[in-house]
Structure formats: C-alpha cells, structure tokens
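Reading through the structure tokens given below for one structure.
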Amino acid sequence: MLTAGALAAGLLPLAACTRGPAAPQARPAGTRPPQSPPPQSGSPGTAAPPASGSADSAADAAVRAAAVAREQELLAAYDAALRGSARDTGAQDTGAQDPGARDTGAADAGLLRRLRAEHAEHLAALGGGQPSRTGSPPSRGGTRSRLRAAERAAAQAHARDALGASRQLAPVLAALAAAETSHLEALA
Amino acid sequence: MSEVDLLRTLVEAEHAAIYGYGVLGARLPEPARQAAREADDAHRARRDQLEALLRDRRAEVPATQAVYDVAVSGPRAALTLAVRLEEGMALRWNDLVGGTDQRALRALGIAGLTEAAVQAARWRRALGSRPGTVALPGTG
C-alpha cells in the first residue's frame, strides 16, 4: 500500500528503475535511500567515442566508421527532405489556396528538423564526421516513407553491428538503433 | 557487474515497472489506460523472460517488493511516471548491452532498450511533446 509519506513526497522514483552506480533496489515506501551520486561518464550506458589517447580496436574502428556513414546518409536524407519542404511551403505561400496545407508543411518541417538534430547528436556520439550534403530532394508525397525506410535500415544495421562491437561501442550503437526505431512512429 | 547481476537488476526494475503501471494506469482515461495495460503486459513478458534466464543459470530470482515508493496525483503525473519508468528501463537494458559479450544477451538488451525507447516516446507524445523522441535513449 502507498504510505502518506510517499504521497506527501510527490512523485518519487521507483528506485529499481533509476540509474545509479550501486545496484538499485526497489524499496518499500518511506525507505528512500540517500541520493546517489550522478552516473559515471564512463559507465557502459554512456559509452562515448574514444577519448584522446585511446583508440578503437581495428574491428571497432570499422564498425564505428560504418555507423558514421549511416548517420551521414540520414542527415543528407533529412536535409534533402527539408529542402523539398521549404520549396513546397514557398509554393503554397505564393498560391495561398490552402492555409491549412501551409501549416501542415511548417509542422512537418519542424518535425524533420528535430529528428535531424537527433541524428547530428548521433554523429557526435560516434566521434564526429561532417554531415554529408549529398542527396537529391525527394518527390512530394514520398518524403516520410523514404525517411522511414532509411531509419529502419539504419536501425537494423546499428543493432546488428552492436552484437559484435566492444563493450564501449555496443551501447552507443544500441542507443542509435533504439532512437531510429522510435523515429519510425514519429514519422508515421 | 556480472551478467547474473545485470539480469537480477533488470528483474527488479521490471517488478517496479509493473507495480508502477498498476498505479498509473488507474489514473489514466481511455485510450491511454489501454495503452498502459499493453505496456504492463509487455513488462510482465520481459520479466518472465529474464526470470527464466536466471533460472537457467541456477541463480536466485529476485522477488517483487510488497510496495514501492510511488504516488500519482492525476493523469499528467501518471504519464510523467510512465515516461520515467521507460527511461529507467532503457538505462538498465543498455547496461546489459555494455555488460556482456554474449550475443544472445546483447540482442535481448537491444530489444528491451528499443521497446523502452519507443514506449517512452509514445508517452511523451501523450504529454504533448513532439516528436517525443530522444537522441540517445538508455545513456542517461
């Protein structure tokens, strides 16, 4: 049962679902543990690109390079989609036939920009590389389906490569795979 | 942390998530309540799977606690708790990914992390966030 103390304290974390360096224990109400220190930056779930002075194994380097290439392709696909969205919105502005369609175009562009920003974070998490500027503008009507296909393919490849990557790189690839899978519903 | 410890931690987290969904689901109107039921079912299935893995390793299976420290005042708080539950699970699943070299356990970790990330994004959208996704789920 829930205690008054728990209710008074508001929305308390379920200890077993919150991160901390020590093994978490789900605790009964009213027996909150002391605050844990923040997670260590080098813990498995926050694996970052190799710090200066360290290096990937040859296998990891190849896997990381492939992941960088996938993210660059996704960025290029979003850039192309955004160029197409801007062109379409401009055409609607001059036509002014359907303000609702113009709003939809703007909302689409906002969504695409946010998802693109997440891919830029992915690229940074992998240790860099510049976004590619290749990619042709997609035809109107096919933008989301093409982006969904690209996201799905990248997610599958990241997940596959995570299986054999080092313990440092695997969580990064897993996070990318999960993020890109979550993009599928956002683009639906 | 050993693989058994990681699995035990995940079972404990799933117990807490299941409890949390029981509390928060009651505060949600339909259709969100049905979505919470489905999420609860998914967590129960993962818990059972994890417990089986522990039994296969002849390891002790953590029991659920009688009560967890959680309070939900209304629908919005319920949705917020649901996001936090899934974010917490994502962290735990990614700990498994980084804590094992066994491909089967890695695959399980990736699947669990992905489920949690997708479900968290759904709850964030229910709270009004668009697109509701985060760049690096399970990385804290």
Original post:
So B:GLY112 clears everything in (1) within 7 Å of another protein chain (Cβ to nearest Cβ); (2) crowded, with 24+ Cβ neighbours inside 10 Å; (3) within 20 Å of B:ARG8 (Cβ to Cβ) except one condition, right? Which one?
Top reply: (1)
**OP:** For the stretch B:71-83, enumerate the residues that are at the interface with chain A (Cβ under 10 Å from one of its Cβ atoms), outside any loop (DSSP other than H, G, I, E, B) and either of a type outside the set (Gly, Ala, Ser) or free of Cβ contacts under 8 Å to residues at least 12 places away in the same chain (or both).
**Re:** B:THR80, B:LEU81
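Go through the stretch B:14-49 and count every residue that is among the charged types (D, E, K, R) and surrounded by fewer than 18 Cβ atoms within 10 Å (Cβ to Cβ).
7
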Original post:
When the stretch A:138-188 is examined, which residues are found to be under 19 Å from A:GLY105 (Cα atoms), in contact (Cβ under 8 Å) with a residue 60 or more places away in the chain and within 7 Å of chain B (Cβ to nearest Cβ)?
Top reply: A:HIS183, A:ALA186
**OP:** May I ask you to verify whether B:LEU28 is modelled with pLDDT of 95 or more and part of a helix (DSSP H, G or I)?
**Re:** no
**OP:** Would you mind finding the one in B:ALA117, B:ALA135 that is surrounded by fewer than 21 Cβ atoms within 10 Å (Cβ to Cβ) and at the interface with chain A (Cβ under 7 Å from one of its Cβ atoms)?
**Re:** B:ALA135
Original post:
Which ones in the stretch A:129-162 are surrounded by 18 or more Cβ atoms within 10 Å (Cβ to Cβ) and at pLDDT 95 or above?
Top reply: A:LEU147, A:ALA150, A:GLU151, A:ALA154, A:ALA155, A:ALA157, A:HIS158, A:ALA159, A:ASP161, A:ALA162
Subject >> Selected residue [within 14 Å of another protein chain (Cβ to nearest Cβ) and surrounded by fewer than 17 Cβ atoms within 10 Å (Cβ to Cβ)] from B:THR64, B:THR9 >> reply: B:THR64
**OP:** Go through (1) open to solvent by less than 10 Å² (accessible area, probe 1.4 Å); (2) at pLDDT below 95 one by one and return the number of the condition B:SER73 breaks.
**Re:** (1)
Subject >> Residue list for the stretch B:31-61, restricted to those being among the hydrophobic types (A, V, I, L, M, F, W, C) and not in a helix (DSSP H, G or I) >> reply: B:ALA59, B:VAL61
Subject >> All positions within the stretch B:38-70 that are without any contact (Cβ under 8 Å) to a residue 24 or more places away in the chain and closer than 22 Å to B:GLY128 by Cβ >> reply: B:GLU38
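The values are calculated or read from the model by the stated rules, or taken from the named source; none is laboratory data. Note that the structure is predicted; figures quoted are calculated from it, not measured. Positions of Cβ are generated from backbone atoms using ideal geometry, with glycine treated the same way; all protein chains shown enter the neighbour counts. With ligands, DNA and RNA removed, areas are computed over all heavy atoms of the protein, side chains included. Shrake-Rupley method; radii C 1.70, N 1.55, O 1.52, S 1.80 Å.
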